[in-house]
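Inspection log for the structure reproduced underneath, given as structure tokens.
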Amino acid sequence: MSDFELSGKIALVTGSGRGIGKGCAIELARAGADVVINDLPNSPDLEPTAAEIRALGRNCYVAAGDAFTPEGCRGIFDAAIAQAGRIDVLVSNPASTRRALFLDLEANDWERTIQGTLSAGFYISQLVARHMVERGGGGSIIFISSVQAVMPIGLSVAYNAAKAGTDHLMRTVAMELAEHRINVNSIQPGWIDTPKERETWSKEAMEVEGGKLPWGRLGLPSDIGKAAVFLSSDAADYVTCVALPVDGGFRHRDCGVERVTNQF
């Protein structure tokens, strides 16, 4: 069996009805894991995503709930355990954002972004980590962060701060859980072609902007999913406390030969 094979593992992916979360759920299933998916109750995305996973020959369980609150995370966790029996892999993928200038950002938008991005990751990861420690046998926890954890991109002060906090949460948790052989890492996506991005940008604009990146295209949810597969697998047994950028060179897009040459 390949070190990248996930057969026999059960993964919980929050916020997995669509976008990056869905990409992670699909790729984990493609690698052999059974998957518990999550989105808000009554989300129209849950059942179609579950059907795609089951079409891959894997079990898929649905744990609807609000991952932004402690109570919601408790319900998601309880539903996952009740249906799947255990959790070997957690992909924590909550996110909330409100684009606005720092001078204009409302306090409630700040609070919701911090709670829905940073605090939500703490809530679900603590529940799953306690379960993994009690059960024994290790496990893998992956936080979905962002290149904005290190890039001070404008109009995103709350989101930038929340993702930077997510990465430092990951590092602290990784050190505390190392003795239990629980790998804890994060993935920093760059600009990813998701339904939410398409609500802001036209298809044509995204193709043009993607072409300006070093890799020549925007990222896909499956690109993040494949990184999650690696970090969940035996191939990453010696990898913990790492923030892994998966961005096609987005962070360094102004460093290419053509861009540098044009400055002189």
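Each value in this text was obtained by applying a stated rule to the coordinates, not by laboratory testing. Remember, predicted model here, so these are calculated numbers, not experimental data. Here the Cβ positions follow ideal geometry from the backbone for every residue, glycine too, while neighbour counts run over all protein chains shown.
Among residues that are within 23 Å of Ala227 (Cα to Cα), among the small types (Gly, Ala, Ser) and buried (at least 23 other Cβ atoms within 10 Å of the Cβ), Ser92 is included. Within the range 93-147, the set of residues being in a loop (DSSP other than H, G, I, E, B), more than 30 Å from Leu218 (Cα to Cα) and among the small types (Gly, Ala, Ser) comprises Gly136, Gly137, Gly138. In the range 226-242, the residues that are closer than 14 Å to Gly32 by Cβ reach residues that are among the basic types (Lys, Arg) and not in a helix (DSSP H, G or I) with C-beta atoms within less than 8 angstrom, at least six apart or across chains, in these pairs: Ser232/Lys9.
So that you can scan it fast, the table gives a plain yes or no per residue for (1) surrounded by fewer than 16 Cβ atoms within 10 Å (Cβ to Cβ); (2) touching an Asp or Glu at 6+ places or on another chain (Cβ under 8 Å):
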position: Tyr61; (1), (2): no, yes
position: Asp78; (1), (2): yes, no
position: Ile81; (1), (2): no, no
position: Arg99; (1), (2): yes, no
position: Asp104; (1), (2): yes, no
position: Leu118; (1), (2): no, no
position: Tyr123; (1), (2): no, no
position: Gln126; (1), (2): yes, no
position: Gly136; (1), (2): yes, no
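In the range 155-244, counting only helices (runs of 4 or more DSSP H) that sit wholly within it, the ones holding 2 or more residues that are surrounded by 22 or more Cβ atoms within 10 Å (Cβ to Cβ) and in contact with a helix residue (DSSP H, G or I) (Cβ under 6 Å, 6 or more places away or on another chain) span 157-177, 221-232.
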